[in-house]
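Student: Can you read through this structure? Questions will come right after.
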Amino acid sequence: MDRTLEVISLFLLCALRFGVPLGITFLLAWGLRRLDAHWQAEAELKIAKKEVRQIAVSQERCWELRNCSPQKRETCPAYAHPEEPCWAVVSANGHLPRACRDCHVLGRALVLAGM
């Protein structure tokens, strides 16, 4: 009887010795996979938002919506670079003009960007 108890004890201790680290390893791997899936979903959402933003920006031209005169358009850096968002071109010098701060084109882009 003592021999059987010793064998069972050794078996349980071995199972404990190897089972606990393996269990922890499997739990960590499972958690890391879930975290990776979450990060990938966030990245895909960010890419989708960026695409939506680019589509929205590409369709709106601030000088058309604000009915700027041809003279004003010629001095506007955004008009010279229609492929880029107007506020990105204008703010390249570090300052966003006061007229742009109140512009609904910029406001809509900021809403789309989640800012």
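The values are calculated or read from the model by the stated rules, or taken from the named source; none is laboratory data. These numbers come from a predicted model, not from an experiment. Cβ atoms come from the backbone with ideal geometry, glycine included; neighbour counts cover every protein chain shown.
Student: Find the residue count for the range 63-115, including only residues that are more than 25 Å from the chain's Cα centre (by Cα) and modelled with pLDDT under 75.
Tutor: So the count comes out to 6.
Student: In this structure, does ALA29 turn out to be modelled with pLDDT under 95 and farther than 30 Å from CYS103 by Cβ?
Tutor: no
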